[in-house]
Structure formats: C-alpha cells, structure tokens
1. Can you list the strands (runs of 3 or more DSSP E) found entirely within region B:177-284 that contain at least 2 residues being modelled with pLDDT under 80?
2. Suppose the filter is within 9 Å of another protein chain (Cβ to nearest Cβ) and not charged (D, E, K, R); does C:TYR176 pass it?
3. Of all residues in region C:204-235, how many are hydroxyl-bearing (Ser, Thr, Tyr), within 11 Å of another protein chain (Cβ to nearest Cβ) and more than 12 Å from the chain's Cα centre (by Cα)?
4. Tally time: how many residues in region B:168-190 are among the hydrophobic types (A, V, I, L, M, F, W, C) and open to solvent by 40 Å² or more (accessible area, probe 1.4 Å)?
5. From C:SER113, C:SER44, C:SER62, grab the single residue that is more than 14 Å from chain A (Cβ to nearest Cβ) and within 24 Å of C:LEU233 (Cβ to Cβ).
6. Scan region B:33-51 and give yes if some residue there is open to solvent by 30 Å² or more (accessible area, probe 1.4 Å), farther than 20 Å from B:PRO183 by Cα, at pLDDT 85 or above and assigned by TED's automatic domain parsing to the domain that holds B:ILE195, otherwise no.
7. For region A:194-208, which residues satisfy the criterion of being within 11 Å of chain C (Cβ to nearest Cβ) and open to solvent by 10 Å² or more (accessible area, probe 1.4 Å)?
8. For region B:114-138, name all the residues that are open to solvent by 10 Å² or more (accessible area, probe 1.4 Å) and closer than 29 Å to B:SER54 by Cβ.
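The values are calculated or read from the model by the stated rules, or taken from the named source; none is laboratory data. Here the structure is a predicted model, which is why all the values come from computation and not from measurement. All Cβ positions, even for glycine, are placed from backbone atoms using ideal geometry, and neighbour counts span all protein chains on display. Ligands, DNA and RNA are excluded from the accessible area calculation, which covers all protein heavy atoms including side chains. Shrake-Rupley method; radii C 1.70, N 1.55, O 1.52, S 1.80 Å.
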Amino acid sequence: MGAARLKKNIIALAGVGIISFYLLIILVSLFWLPFDPVAMDTLHLLEPPSIKTGHLFGTDEFGRDILSRIMQGCSVSLIISLGATLLGAVIGTLMGIWAGFLGGKWDHLIMRVADILFSFPSLLLAIFVMGILGEKTYNVIFAIGIVYIPQFARVSRGAILTLKGNEFVKAAFSSGASKTYVLFRHLVPNIMMPLIVQVSLSLSVAILLESALSFLGMGIQPPYPSWGNMLSGARKFMLLAPWTAIYPGLAIVFLVLGFNLLGDGLRDLLDPRLRNVK
Amino acid sequence: MEEILLEVNNLRTVFDTEYGTVKAVDDISFTLRKGEVLGLVGESGCGKSVTNLSLLRLIPEPPGRISGGRILFKGKDLLVGDEEEVRLVRGGSIAMIFQDPMTSLNPLLKISLQIAEALQLHRGMGRKEALAKAAELLKAIGIPDAEARANDYPHQFSGGMRQRVMIAMAISCNPDILIADEPTTALDVTIQAQILELIKSLSGENTMSVIMITHDLGVVAGICDTICVMYAGKIVEKASVDDLFAQPLHPYTKGLLDSIPRIDAGSRKRLYSIPGSPPNLASLPPGCPFRPRCDKAMEICGREMPPETSLGDAPRSVRCWLYASGEGGLE
Amino acid sequence: MGTQVEATPEQMEELKRLFGEDKPIPVLYIEWLGRVVQGDFGFSLRTSRPILPDILQRLPLSIEITLFALVLALALGIPLGIAAALKQNPLTDIVIRITGLLGLSLPQFWLASLMVIAFSGVQGWIPMGNYISFAADPIKNLKMLFFPSLAIGTGLAAVIMRYTRNSMLEVMQQDYVRTAKAKGLKKRVVVIRHALRNAILPVITVAGFNTGYLLGGAIVIEEVFALPGMGRLALYAIYQRDYPVIQGIVLLIAAMFVLVNLVTDLIYAAVDPRIRLDEGGR
C-alpha cells in the first residue's frame, strides 16, 4: 500500500532522486576520479573552475582538484552519518522499547537520562564527546550517535506507549500471547514506520553535524577529504577563491536536503491527519 | 402581517471535493418576517447549517462556493458586492450563535472583551463603555455575579454558561435577526430548556426575528412560528407550526413526526423509524432524493424533482409529486 | 595537538597532589560542586587564570548572538508562515515546504562563509577581529552581529515558518474563528487577535526548544567571524584539553537551558490563561 502512495508523493520522490544521485557518485568514485584527490600540484594553486584545465570546480590551496575531493568526501559523509544514525537508532530504540514496554521505574530511569542528554544542544554534545574521545574519524560516529540515542528512545517509547493502549494489543494479551510474542509480533513491526522517518531526518542532521565537527577540526582529519574540512581549509582563501568554499557547501546542502525531503515525505504518508490538512 | 426582513431566493451552495461537486444547498427559498421565529429542521448533513452560513457568506472558500440565488436583507442583496459590505451586517444586523459553546469562544481572550468587540465595532462604543455594557449583558442573560465573571476566561465557564455568553454576544448589538445553529444540541437536557426559554423571551422583548436550526422537532414545537423541513439540500415542506404538526404533508415530514416518542399515543405503540439513511450528496439519484426511502414512491419520482406546490395559506408549500398539480392535493 | 612531553612517575604524583586528584572521582566531583556553588570554578590548566571571570566576560556576546538570532528567526518565520497560511494553494504549499526544508539543510557555518564572501567589501557589517561591544557602540555592535545572527537563525526561521503555517491553518478552521468572523470583525482583526494568538502557542514551544540549537550554532559562528564569545573559549578549551574550563562551560550552558525552559513556560502562561497556576485551570 505504501508504494502506491509513495508514487504520488513528489516530495519523497525528489528526496529519493537526490540520494540516488549521490549513491551513483560514490559508485563512480570507487573506480574513477577526475584527479587524485590528495595529490598536491604546486603549479595550479587556487585555480578557478575551468573546463580547459579539467578542474571543473577549481583547485584548493594545495592545487588539489575540488571536484575529486568532493566526490571522495561523499562516501565518508555517508558512511559516518549512516554509522552514527544506526548506532543511535539501535541503542536508542532498544532503550525506548524497553522503557515503554516495561514501564515503571525502568521507564523513569531511562527517560530521565534521555531527557538530560536531549536537553543539551546536539552540536555542543558532539563537540564535548569529541573533546573527551579525541579527534579520530571513528570517534565522530560515537559522538553523533550519542546525540541520537535520546531522540530514538523518545520516538520508539512514544510509539510503543500509543500501541500498548490499542485494542489489538489488549486482544493479543487476553488471548494468552506471551509478552515476548506480543512485543515482536505486534509492537515492533508497528513502530518501524515512525523509526524509518526518524532515521531519514537523523541522517540529514548527522551530515550537518559531521561537517560542522570537521569544519572545527575535530572530525575527519586532513589530508583525507571531507566536505567539512574542505570548508575549514577554504576559510583563509575564500575571499580570494570563493569556489573553494561554495562547492563543498553545495554538496552538503543537497544531500541534507535529499534526506530532509525523504523524511518529510514519508512523514506525510504516515500521518493521516496531515494528509487531509494538506 | 409584519414586513418581510429577509428573503432568500433560489440559494445554491456547493462544495468542490475530490469526489465531485456536492450540492449542499440546492435551490432554497424562504422568507422571514419581523418578529418571526423560523425553524429549519432536518437530519444532520441535510444542509441546514450551510444554508445559514451562506446567509452571512461565512462558507469557507474554497472548497465552498455560493453558486446562485439571492439573499435580500431589507431589500439589499447580500450576495452582490464585496465581502466588506456583508461584514458590517455580520454581528450587527444579523447575529449567529453556534452549536458547540465549548469551542466557539476564543480560549485566550476574556469573556468581556469578546462581547465588547462587537459593541465597539457596530455601536461605535469606546473600550470602557463596551466593557461595561458587556458586563450588563451578562447580567441580563442570567450569569450570576456578572461583574466579576466578565473578566474570566471561557475555560472557567460551564457549557450552558458559555452558550449564554454566546447569546449575550449575539444580541449585544440588537440584531434584527438571530440565527441559532443547533444552540442546545451540545447541552444537558435541563440546560437546553433554559436556553430555549431565553431565546424565546429575547425574541419577544426585542421583536427580533430568529432562524432556529435544529434536528429536534420538540425544540421547534416549543418556540417556532414557521417551519421549513429540509432534506438533502432542499426544502421539502414549509408550514406554520400548527399546520405542520396537525397535518404533515410530505412523507418525510410524516416520518419525522412519527418517530417522536409521544406520551398520548400509549406506550405499546412501537416508535416509527424512517427506513434507509440520508443519501450521499455527492452522488444523488435523479428525481426526488427521498424516493429510495419513501413508502409512497411513484414512477415519476425517480425521473424528476417535484416542483414547489403551494397549498392553503401563505407559507404552506410542499415538494412532492403526491401534491403536485392534478396528481394529489389535500386529501 | 600541542607539545606533549612524558612526565616521570614522581612528577605525576606531585601534579596529582597539586590538582587535588589523589582522591576518588565522586569525592572530587562533590568538592568541585561545593566550590562552584560558592562561585569558584577553579583555574584553567593552560592559563592558570580563574575560570569564572573568563567565562562571564565572554558569555554576554554569546547570549546576545543567540537572542539576536532568535529574534531574526521569529521576525522572518512568523510573518512568512502567516502569509503562507493565508495564501494557501497547492503551489505556495510546495514552495513553502521546499523552502522550509532547504532552510533546515543549510550548514550554519557555510552560510556564514557565503555572507563573508558576499559582504566583506561592505564596511562595518562583517566583523573580522575588530569586535565592538554593545556597551561601546550599540549600532555598530548590532550591525556587526547581524550576519552572524542571521546565519544561525535561518534554520530556525524555516522551522518556525512551517510551524506557524500549519498551526494557522488549523486555527483558522476552529469554531471561535468562525464566531469572530460572524461578529463582523475585519479580517485583519480576526487573523491577528483571534487566530494568531492561538496559533502562536505551539510556535513558542518550538522556539524555546530550539534556543539551545542556536546556542550551539553560536559557538561555530563565533569561530567563523572571529568573535570573542564563549564558543571560542569552549573550542580552545577542548582543543587544549583544558578540562576545568570545559566543565565550567558545560555547567553554565546547562544552567542557561533551565533558564530558557523557565522563560518559555512563563511566556506560554502569559499567553494561555488555561495553564496559569493561580487559577488552577481545568
């Protein structure tokens, strides 16, 4: 039933289109890049975009090809965002299900911890976690993942609590089903959709967080390219060579927009009330 | 006879929906005289409320749209000209009260202010004067300790009191016409009687005309002079209240009356209920919309909508082939 | 990062005693809290200066940027949201939606960079190491903080625009709005006095909730525009592993959060009589 409605949903489709484009670029970048993304070329420093030289997006302060670096940075951004989101989603969802399903003191304890984490600005939390863990690429995944734990805990707990009140769950219990059976047979499948929406929106924020961390020098470490550290490097030269700042930023904006469109479109499919208002 | 205040001619209001155009109000005509209490009766969804929202052009557009007809108020057509001209009639000469008093007052504004607003606008009162008048109105309408309670917010009032507030608001500018859209449906039975009594006495004192929309024939019998029975967006029968109860003509009206529990009929008699359910306005069958539920349906009923047939004294008319010229007449 | 020379075990012991770290962590933590309550946040490991005065000196600028960004977000988001609700049709709906999502997709620091590129030639608008405080010259100060605040506030403006629009559309269908229209009020009065006041309630919650997000943004933006706020202090403390400073900043931010939540609740109560405590609403 979802697929038919998804077809009508231009917003979600546009999101899927943008994300597929990036996936295609990653695929291409595995086999071919216009230039070596880490090779310096002192003869062509800060060259403007040009078809003649082959540097379509220009070169940076070390003469490296910006397009190639953006393409290479694509997979880093996606892998880190996916890793962080999955980490946060798995831990957070388990906590949320646990809290919502068992209720009582576990619920209180888990949700208070989540509230405390949640009340902190996500970027600051990620920065502080990076400060404690140290500036390693894999630590970025932890830093962003921790930000997501409370969010997923809240979403899944809320969904479980709503479902628990439903007649079909009461009916399952009254017909003698065990707790585990009800949980996996009735509850978990029904919270998948809100979780998928949350995953999509989280991916968009994860890309922004990763780029901000890298921009501050705490994320992906140079010379390996990431969109954030490219923008960081561009800071000193952006007045002289605006292309060093513009293109990596656009790469971020469109991928983030892609996930936002997908998440927003999916949310529409989920929420019958919103569908009517529209 | 008193002068005619409001004359509605061939009013049509439609809604454009994804299932097609719904004719919520289809070719409705009636008149309202000074001091008259007119009842508009019918099942929910028959177009009563839409008719009355149309009178003040309060239909949400889109999807709604008044597609034809005239609404002559004191000789002036409210459907002609821009909305600004109707706006000054709203709340001033024609006021409305709505079905659900719990949601019809703004939760964030003080009661007194919500009443005073209309006074400031239509009576040109200053803020202070209007607020004082508002408290006075609340007192007149039977709110105990009105001075103090005027500064309360809606959530501090009960449902019955909120409906009184709505009435105070509506009559604040001495309107010529009060439109009451199911004013008692959402209230407890005991409160219902009080509210009806209040409306009745107000109309008597102020020679105010009232259009009472209801699905409850008991309400109609108590306070109305004239009754229009609506079915599927059309007025199927018009009569004075005495005529209607004494001798209902349209099979639908008869069904409605037979489905009222009566003390004098003896408890053994089973209550009648009209078979079937109201039609879907988006896909009306051709001919008379009541035909599928009518026990007197004839061949012609499925082909053509019966015309309005006048019978007896002035307001009395019916739209049914049983009475159309030559075919029926009063038995 | 930085120069790191290995210390001998004896030196380590000496250092630990000096910093009072020879006790178990919970004890240390409680001792630290005890001092914090008295206004003693301790000393920076790098500069040996007392921490609290340093933070307090930089805090006002970060708060100013955050509030300025909040004001800009509200000033942009609410009118656009109302306009979108009043001019509702399939085309504006989709434009508003995509604009809103685009606003959410812009990295604040990149937006800031674009502003620097675009406006660096215009005198006095882009601060570059020549920060002028509000006390010294309010106009120059606000001019200087406009773009940094805008860069932070744009995302929230997009969020507020969508919330305002959806909330307005819902409120415009309420019975009390119909009552207001039936009273004969001008459309402007119906929208502003009756609809907007109700529609703004969820927007207040969202704005309050996102003030922390603005504060997080302020830290990065201060870096881009070289503004001497708390964000830069925090970043350098993290770069240099200056833990007492980090601890102090975390504590202050948490305190500000509590404050923001309190203010949000107070504003909410001021607008909505139903939740005023003294009247014990239903």
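1. On the way: elements: B:177-181, B:209-214, B:226-231, B:234-240.
Output list is empty.
2. Details: within 9 Å of another protein chain (Cβ to nearest Cβ): yes; not charged (D, E, K, R): yes.
When the stated conditions are applied, C:TYR176 passes them.
3. Within region C:204-235, the first condition is being hydroxyl-bearing (Ser, Thr, Tyr), and the residues that meet it are C:205, C:211, C:213.
Within this subset, residues satisfying the condition of being within 11 Å of another protein chain (Cβ to nearest Cβ) are C:211, C:213.
Next, only the ones that are more than 12 Å from the chain's Cα centre (by Cα) stay: none.
Counting residues in region C:204-235 that are hydroxyl-bearing (Ser, Thr, Tyr), within 11 Å of another protein chain (Cβ to nearest Cβ) and more than 12 Å from the chain's Cα centre (by Cα) gives 0.
4. Quick first cut of region B:168-190, residues among the hydrophobic types (A, V, I, L, M, F, W, C) only: B:168-171, B:173, B:177-180, B:186-187, B:189.
Subset that is open to solvent by 40 Å² or more (accessible area, probe 1.4 Å): B:186, B:189.
Qualifying residue count, region B:168-190: 2.
5. On the way: C:SER113 fails: more than 14 Å from chain A (Cβ to nearest Cβ); C:SER62 fails: more than 14 Å from chain A (Cβ to nearest Cβ).
The match here is C:SER44.
6. Scanning region B:33-51 turns up at least one residue that is open to solvent by 30 Å² or more (accessible area, probe 1.4 Å), farther than 20 Å from B:PRO183 by Cα, at pLDDT 85 or above and assigned by TED's automatic domain parsing to the domain that holds B:ILE195.
7. Just the residues of region A:194-208 that are within 11 Å of chain C (Cβ to nearest Cβ), to begin with: A:201, A:204-205, A:207-208.
Matches in region A:194-208: A:LEU201, A:VAL205, A:LEU208.
8. B:GLN120, B:LEU121, B:HIS122, B:ARG123, B:GLY124, B:LEU137
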